[in-house]
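Structure first, commentary second.
The values are calculated or read from the model by the stated rules, or taken from the named source; none is laboratory data. Source: prediction; values computed, not measured. Methodologically, a virtual Cβ is constructed for each residue, glycine included, from the backbone with ideal geometry; neighbour enumeration extends over all protein chains shown. Surface areas here come from the heavy atoms of the whole protein model, side chains and all, with no ligands, DNA or RNA. Shrake-Rupley method; radii C 1.70, N 1.55, O 1.52, S 1.80 Å.
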Amino acid sequence: MRFIDKKLIILVLLVLFSSFLVSGVVAQKPYDEVTDSFLQGLDDNDYSAFEAYLSDQMVEAFDEDGFTSFRQNLVSKYGEPIDYEFDREEEIQGTYIGAYYDYEFEDADLTIRVVLSNTTEGYQISGLQVTDVDVKDGATGFIGKLGSNLLNIVFPALGGIFGLLAFYFLGFKKMRVKEIGLGVLLLVVTLVVQPVIQNSVFMLMGINSNAGILARGGVFVVAASLWIGFVAGGFQQSIRYPFAKKRSIEAAAFIGIGFGLAEAVGIPLISIFAAQTPTTVFSLNWNLLGLYERFIITLFHGCSTAIMAYAYKNGWGLKSLGVLIFLHGFIDTFAGYYQLKGSMVILASIYVVTTVISLSLLVFIKSRFKNFEDSE
């Protein structure tokens, strides 16, 4: 009996020890404290909980305003956070670790990747990304996502429509359906080709996420923003120029309007279905901003395309193209920087700069259109 008891006791102790050892190997990771601080800080809306674990680059890229914007976007769309658990990890470029966590929110299950760097001071957070979203409400697939994000599409679309109406009330009364359709087609081409050009340089450098850009420091972020912005400006203006120069001011304006209308619908759709951190979420303030943004951008596209038509007929078409590429690139550089760093100051700057430029172009083209014979 004693022998059996001893064997039983030893067996129980071995099982307990093995369980403890295995659980420790599975659950304990050297960066647990770091990632838990962020994930818990996201739950508690407490930036200070993880601020000390941010890398120097992330302190600049993800300040308290950026965190507030990030969390507000998630909560507005998916409800309050509930709980999280570790999923997996991956090595990134041999230097960073990507720790993936399944994070349950009220209305969706998210996969969040925390990019970590191992420094002499310990593990630090060098990047963040939402890589997957699974909506809980039973509405799955394209129709489900479309329905649950309907207002996120309607508000920007209204902004594009208001841009069209602005041209109408300023004297562009003849609706050019053919040119609007051409603008839509050019936007589709842009959405396919432009990202390939923008991303090609980063892919060649082994960068496949915003976190990879942020990890290279502030100077690189500025350079990346300039590249993103001026590729957008150069491509979008250049693709419209050959069509604008063959048309009247009014007809050319409607190419830009069609481009802006399609962008007002296409950009929200892409952000919704791209499985990335949402850039447009349903809260009244954010959606009104989205409406205004698409309104002023539609004005910019319409005016810039009309100016190319006017300039070509007056012998300075290529000069106008160069100026418009610069203005467009300048605007989109701010937009690219905001997408990388999430600064509310930069966001405000985008609206101010875009408004000033768009209204200036509108005043210019309206004064020319009034006295310009509109002939085909």
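Here are a few things to note about the model shown:
- All of THR131, THR120 fail the test of being surrounded by fewer than 18 Cβ atoms within 10 Å (Cβ to Cβ) and over 17 Å from LEU42 (Cα atoms), apart from THR120.
- Checking ASP137 against (1) open to solvent by less than 50 Å² (accessible area, probe 1.4 Å); (2) touching an Asp or Glu at 6+ places or on another chain (Cβ under 9 Å); (3) modelled with pLDDT under 90; (4) not basic (Lys, Arg), the condition it does not meet: (1)
- If you filter region 318-371 down to residues that are basic (Lys, Arg) and either in contact with a helix residue (DSSP H, G or I) (Cβ under 8 Å, 6 or more places away or on another chain) or modelled with pLDDT of 90 or more (or both), you find that the one that is farthest from ALA252 (Cα to Cα) is LYS341.
Per-residue answers, yes or no, for (1) small (Gly, Ala, Ser); (2) closer than 20 Å to LEU321 by Cα:
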{"residue": "GLY181", "(1), (2)": "yes, no"}
{"residue": "VAL196", "(1), (2)": "no, no"}
{"residue": "MET203", "(1), (2)": "no, no"}
{"residue": "ALA215", "(1), (2)": "yes, no"}
{"residue": "ARG240", "(1), (2)": "no, yes"}
{"residue": "PHE259", "(1), (2)": "no, yes"}
{"residue": "ILE270", "(1), (2)": "no, no"}
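- Put simply, of SER349, SER367, SER304, SER358 the only residue that is in a helix (DSSP H, G or I), farther than 30 Å from THR68 by Cα and under 29 Å from the mean Cα position of the chain (by Cα) is SER304.
- Single residue of region 181-212 satisfying the filter (aliphatic (A, V, I, L, M) and under 18 Å from GLY127 (Cα atoms)) that is modelled with the lowest pLDDT: ALA211
- Residue match in region 293-314 (condition: modelled with pLDDT under 85 and surrounded by 20 or more Cβ atoms within 10 Å (Cβ to Cβ)): no
- Applying the criterion of at least 1 residues that are under 30 Å from GLY315 (Cα atoms), open to solvent by less than 50 Å² (accessible area, probe 1.4 Å) and outside the structural domain of LEU291 (by the TED database) to the helices (runs of 4 or more DSSP H) found wholly in region 167-270 leaves an empty list.
- Residue count for region 250-266, restricted to those that are out of contact with any Asp or Glu (no Cβ under 8 Å at 6 or more places or on another chain) and not hydrophobic (A, V, I, L, M, F, W, C): 4
- The criterion of at least 2 residues that are modelled with pLDDT of 85 or more, open to solvent by less than 40 Å² (accessible area, probe 1.4 Å) and within 26 Å of VAL135 (Cβ to Cβ) is met by the following helices (runs of 4 or more DSSP H) wholly inside region 1-110: 32-44, 64-78.
- If you filter region 92-129 down to residues that are touching a residue at least 24 places away in the same chain (Cβ under 8 Å) and of a type in the set (D, E, K, R), you find that the one that is nearest to ASP56 (Cα to Cα) is ARG113.
- Close pairs from region 161-175: first aromatic (Phe, Trp, Tyr), partner open to solvent by less than 30 Å² (accessible area, probe 1.4 Å), Cβ under 6 Å, at least 6 apart: PHE167/GLY302; PHE172/GLU250; PHE172/ALA253
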